[in-house]
Amino acid sequence: MLPVVVVHGGAGHIPKERSERSTEGVCSAARAGYIILQGGGSSMDAVVGAVTELENNPNFNAGCGSVLNVKGDVEMDAIVMDGKSLGSGAVSAVRNIANPIQLARLVMDKTSHVCLTAEGAGQFARSMGVPEVPQESLITEYSRMRWKKNLEPEANPVEFQMGKMGTVGAVAVDSEGNVACATSTGGILNKMEGRVGDTPCVGCGGYADNSSGAVSTTGHGEAIMKVILARLILFHMEQGQSVEAASDLGLAYMKSRVDGLGGVVTVDPQGHWAARFSSGQMAWAAAQKDTLHYGLYTGEHFTQSTEMLLID
Ligand code: GLY
């Protein structure tokens, strides 16, 4: 069994001028997660660490950089799940915090509930001492520009499709064979106020079970929820499919059944991993042993040997 961290930066259309920053962002997040594993952290520590880094990176639709709802506000969703206990924590439609993924972990660790929403999630954050941040600190010039464009009646169809995509996530296996997942998003561009997507729903935005593996999903939330994508992929793995085949089967079913596009990162407890997508692009990266793997377009798989990633 080989410990591994795999991350994604959202499925969809990534404009050329942003592709390099997306690739750099996922590579850096995979490294950060892997360093946590190397330091003796659990798979849960690693996925939360990797996703926190992606939330702090304004190039992704999560935390700072989140897309805006129809009123021009940021409402975010996030989930974590621990494959050892099947414990899960999630927040939905949460505002004014920098790292929803850390709040989701607090829901798992400090409450008897699985999901807190909107103002209730905000109250819980305050009770846990999570700092409140001004909404402006989560909004980038780019997200405001996209919001304005999408309010125009003749919005560019490619831009419009982009608005349906994006999310960040990670899966990991630690040296004890425990798996975990974490997923975080600003949701979809121009969503209705109060819209909750797939991300905070167990089995949709992610699932983790030590007896089969872990999955984090990205794509059109309403489609992902209809097929319960993360759990569907683990079902295929339970039937004997590899991480790669199971991921492709789940994505193909979502495409054929509800015309939905998306992407996933998947691991099994032995450390086999896959990053697969049916959208045009998905920035992804994986760190395992002494190698960083990454890609953006279908079929792309670059590797980089990294001394820093060697486990002594
Ligand atoms: N998959 C992210 C969303 O639809 O909210």
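Between V70 and R21, the contour length at 0.36 nm per residue exceeds the Cα-Cα span by 15.0 nm. In straight-distance terms, cross-link reach from K84 covers every one of the lysines whose alpha-carbon lies under 25 Å from its own, apart from those fewer than eight places away in the same chain; here that gives K110, K289. Does the chain come out rounded, prolate or oblate, given a ≥ b ≥ c as the square roots of the eigenvalues of its C-alpha gyration tensor, rounded meaning a/c under 1.5 and, failing that, prolate meaning a/b above b/c? Because its axes are fairly even, with a/c under 1.5, the chain counts as rounded. Of all lysines in the structure, those lying under 23 Å Cα to Cα from K255, and not within fewer than 8 positions of it along the same chain, are K164, K191, K226. For segment 234-293 versus segment 1-70, the inter-centroid distance based on Cα atoms is 16 Å.
For the chain, the solvent-accessible area with a 1.4 angstrom probe is 40 square angstrom per residue.
Of the residues Y253, Y142, the one with the largest accessible area comes first in the ranking Y253, Y142, computed with a 1.4 Å probe on protein heavy atoms. When the accessible area of the chain is split by element with a 1.4 Å probe, what percent falls to carbon and sulfur? So the carbon and sulfur contribution to the accessible surface is 53 percent.
When the chain is treated as a GNM with alpha-carbon contacts under 10 Å, the residue of F302, F60, F277 showing the greatest mean-square fluctuation is F302.
The Cys residues in the chain with no partner Cys Cβ within less than 4.7 Å of their Cβ are C27, C64, C115, C181.
The values are calculated or read from the model by the stated rules, or taken from the named source; none is laboratory data. As the structure is a prediction and not an experimental result, all values here were calculated from the model. Cβ sites come from the backbone with ideal geometry, for glycine too, and all protein chains shown count toward neighbours. Ligands, DNA and RNA are stripped out before the accessible areas are found, and what is left, the full protein with its side chains, is counted by its heavy atoms. Shrake-Rupley method; radii C 1.70, N 1.55, O 1.52, S 1.80 Å.
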